[in-house]
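Here's the structure, in structure tokens; my notes come after.
The values are calculated or read from the model by the stated rules, or taken from the named source; none is laboratory data. In this text the structure is predicted, and so the values were computed from the model without any measurement. Neighbour counts are summed over all protein chains in view; Cβ atoms, including those assigned to glycine, are modelled from backbone coordinates with ideal geometry. Ligands, DNA and RNA are excluded from the accessible area calculation, which covers all protein heavy atoms including side chains. Shrake-Rupley method; radii C 1.70, N 1.55, O 1.52, S 1.80 Å.
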Amino acid sequence: MIFLFLPASAKNSVVYNDTLKYDPLEATNYSAPDIISKTSKELNRSYSNVTWGFTVNKNSTYFLRVYFSDIISNIKTDGTTFNFYIYSWFSEIIYSYDQVSQLRTPFYRDYVAVTDDSDNYTRGASLS
């Protein structure tokens, strides 16, 4: 089960009804289908990050695919910067225009997360 740790930290984005601009070197309509943009969240400006949580089992390996696309901005700027974290194990700064050159162009990152032998517990992936 995936959930928001703080539900008020994110709000549903305005539904994007246009077709995404795919760059076949980054994502296609198969790896990042349009439906994903219709379920997107955006940061509530009263918060500094959005954290999705999920329950994990001990001594397990998880594959995480995280989708990014700026479907909110109306003007191309220097891009959106995402500060991505997987619990306290990993962090990465992702510059959208290092990946794609246009707004509304999806890309994704794949990660593998390995849990330890603690009891089952909740871990999070955050964007700020």
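Write out, first by first residue and then by second, each pair whose Cβ atoms fall under 9 Å of each other, whose residues are 6+ apart or on separate chains, and whose first residue, in region 47-72, is free of Cβ contacts under 8 Å to residues at least 40 places away in the same chain while the second is in a loop (DSSP other than H, G, I, E, B) and of a type in the set (Asp, Glu).
From residues that are free of Cβ contacts under 8 Å to residues at least 40 places away in the same chain, there are no pairs.
On the basis of being modelled with pLDDT of 85 or more, in contact with a Phe, Trp or Tyr (Cβ under 8 Å, 6 or more places away or on another chain) and closer than 26 Å to ALA8 by Cα, does SER37 make the cut?
No.
Please tell me if VAL14 is open to solvent by 80 Å² or more (accessible area, probe 1.4 Å) and β-branched (Val, Ile, Thr).
So VAL14 fits the description; yes.
Free of Cβ contacts under 8 Å to residues at least 60 places away in the same chain and among the charged types (D, E, K, R), is that true of LYS21?
In short, no.
Of all the residues that make up region 1-58, how many are over 16 Å from PHE82 (Cβ atoms) and in contact with a Gly (Cβ under 8 Å, 6 or more places away or on another chain)?
Adding up the residues that qualify gives 6.
Open to solvent by 90 Å² or more (accessible area, probe 1.4 Å) and either in contact with a His (Cβ under 8 Å, 6 or more places away or on another chain) or at pLDDT below 85 (or both) - does that describe any residue in region 79-87?
yes
Would you say ILE35 is within 21 Å of TYR97 (Cβ to Cβ), of a type in the set (Val, Ile, Thr), open to solvent by 40 Å² or more (accessible area, probe 1.4 Å) and not in a strand (DSSP E or B)?
Spelling it out, it is not the case that ILE35 is within 21 Å of TYR97 (Cβ to Cβ), of a type in the set (Val, Ile, Thr), open to solvent by 40 Å² or more (accessible area, probe 1.4 Å) and not in a strand (DSSP E or B).
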